[in-house]
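Data block below; observations after.
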Amino acid sequence: MHANNTLKAVLFDVDGTLADTEQDGHRPAFNAAFQEFNLPWHWDIPLYGDLLQITGGKERIRYFMEQYAPEALNREDLDEWIASVHKTKTRHFKKLMEQGGIPLRPGVKRLIHELRSKNIKIAIATTTTPENVAYLLQSTMGVDAMELFDVIGAGDIVPKKKPAPDIYFWVMEKLKLEPAQCLAIEDSENGLKAALAANLPTLITVNNYTRLQNFEGALAVLSDLGEPEKEFSQITHNPVLVDKHWIDTGTLQQLTEK
């Protein structure tokens, strides 16, 4: 094994990857914000699935307005107004998190602690806001959860959101690592495109919203990361994963060596 190919870091997406935050967190939080602003808008589960093609919350509101409420685009203070709706949405999202409404997906907590114990760096690469990342991690892994991560790349620190690779380049630069030394874990086609454009080997764990998307180029596509008592299922076959029941650091290392 070439020394440079040793797995040095795992880069996690957040929404849909660490937890099913989209359907049960962000979507109702957007709806609560719309209500607070007396808007006649409601994003149901199928509509929100369509809107997820647009990454970034403020971008998603703007896109929805262009498609469904073009008359509302005439506001003079449009950018500020969208930002204030989004800020209100973030407050509602935080409240949902604090109530413990959204658990981590299978295997996430176990794998993060295992990576930490093996001195493999852990990073976050997401288009969601730093506040949302903090709310999720602290509500599921405790008040010190942010300290488990070596680098947190979130929100507007890069101008272009996924599927652009910018956030991954930013995170790898902070880690001072090459793509071959890292592995990304994503849940969506947009996320996979971003990771592959940054030359990152990528593992996919799907959810309700993403399971029918195109994951060509991924190392493997799984139901989740699995637990000893509840195995993952393979959606696309990778020979490394034959007889494996949950993803651990050894398995990640084998996947990146191939």
Reachable lysines from LYS174, Cα under 16 Å, same-chain residues fewer than 8 places away excluded? LYS8, LYS121
So what's region 71-157 giving for Cα Rg divided by 2.2 N^0.38 Å, two decimals? 1.35
From most to least accessible, 1.4 Å probe, no ligand or DNA/RNA atoms counted, HIS26, HIS245 line up as HIS245, HIS26
Filter the trypsin sites (Lys or Arg not before Pro) in region 14-99 down to the DSSP loop ones having no more than 13 other Cβ atoms within 10 Å, then list what survives. ARG75
Beyond 19 Å, how much of the Cα-Cα pair distribution for region 22-99 remains, as a whole percent? 29
What translational diffusion coefficient, in µm²/s and rounded to a whole number, does the Stokes-Einstein relation yield for region 87-138 at 37 °C and a viscosity of 0.692 mPa s, taking the hydrodynamic radius as the Kirkwood radius over Cα pairs? 263
Sequence of TRP41, TRP246 when ordered by accessible area, the most exposed leading, probe 1.4 angstrom: TRP246, TRP41
Using protein chains only and a probe of 1.4 angstrom, how many square angstrom of LEU39 are accessible, to the nearest 10? 40
Pairs of alpha carbons in region 189-252 whose separation is greater than 17 Å (percent): 39
With axes computed from alpha carbons, what is the tilt in degrees of helix 78-98 against the longest principal axis of the chain, rounded to the nearest 10 within 0 to 90? 60
Quick shape check on region 94-213: root eigenvalues a ≥ b ≥ c of the Cα gyration tensor, a/c under 1.5 is rounded, otherwise prolate if a/b tops b/c, else oblate, and it reads rounded
Consider all pairwise Cα distances in the chain and report the whole-number % of them above 34 Å. 16
At a 1.4 Å probe radius, which order do TYR135, TYR48 fall into by accessible area, largest first? TYR135, TYR48
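The values are calculated or read from the model by the stated rules, or taken from the named source; none is laboratory data. Because the structure is predicted, anything quoted here is derived from the model rather than measured. As a convention, Cβ positions derive from the backbone with ideal geometry for all residues, glycine included, and neighbour counts pool all protein chains shown. When the accessible area is computed, the model is the full protein with side chains, heavy atoms only, and any ligands, DNA or RNA have been set aside. Shrake-Rupley method; radii C 1.70, N 1.55, O 1.52, S 1.80 Å.
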